[in-house]
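> This is the structure I want to talk about, given as structure tokens.
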């Protein structure tokens with residue numbers, strides 16, 4: 001087991017949460033607490049950097065969905081970056097790869113998009 005660490009930083013597109021370790025039943029509430037303290041305004045993108053994610057169970061998936069719901073409520077968007085292969089497979093099996101915008105890395109996810117595209 002790897003302890004969960006969540007590091008927040010700002011990018012040009014909005015907040016980035018770097019999630020490292022195991023996102024599971026015991027640690028998912030920590031992600032939800034981090035979401036509660038975020039400042040996200042309409043039009044911003046919340047990027048969840050999963051580069052260091054080592055394990056994600058159904059509670060972790062639910063926490064990712066909570067992040068998406070929060071961003072949507074606040075008029076923003078959410079993207080996942082650097083999703084590990086095992087988590088990407090789970091997202092694909094349950095159809096969430098069509099719900100989340102997924103980028104290969106954080107630098108791609110945080111490129112400001114023009115209003116036209």
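We did not get these values from a lab; they are worked out from the coordinates using the rules stated. Computed from a predicted model, the values in this text were never measured in an experiment. For neighbour counting, all protein chains shown are included, and Cβ atoms are generated from backbone atoms with ideal geometry for every residue, glycine included.
> What percentage of all Cα-Cα pairs in segment 39-117 are separated by more than 19 Å?
For segment 39-117, the fraction of Cα-Cα distances above 19 Å is 34 percent.
> Hey, quick one: spin label on residue 2, modelled 7 Å out along Cα-Cβ, who in segment 64-86 has an amide N within reach, i.e. under 11 Å?
Backbone N within reach: 84.
> Using Cα springs under 10 Å in a Gaussian network model of the chain, which residue among 88, 71, 63 shows the largest mean-square fluctuation?
In the Gaussian network model the winner is 88.
> Shifting gears a bit: With contacts defined as alpha carbon pairs under 8 Å and 6 or more residues apart, what's the relative contact order of the chain in percent?
After rounding, I find 26 percent.
> If the elastic network links every pair of Cα atoms under 10 Å, which of 24, 36, 49 fluctuates the most in the Gaussian network model of the chain?
Of 24, 36, 49, the Gaussian network model singles out 36 as fluctuating most.
> Same structure, new question: Once the Cα atoms of segment 1-54 are picked out, what are the Rg and Dmax in Å?
11.4, 36
> Relative contact order of segment 37-92: what whole-number percent is it, with Cα pairs under 8 angstrom and at least 6 residues apart?
Relative contact order of segment 37-92: 52 percent.
> May I pose another question? Have a look at the DSSP beta bridges in segment 5-108 and tell me what percent are antiparallel, nearest 5.
If I count the DSSP bridges inside segment 5-108, around 35 percent turn out antiparallel.
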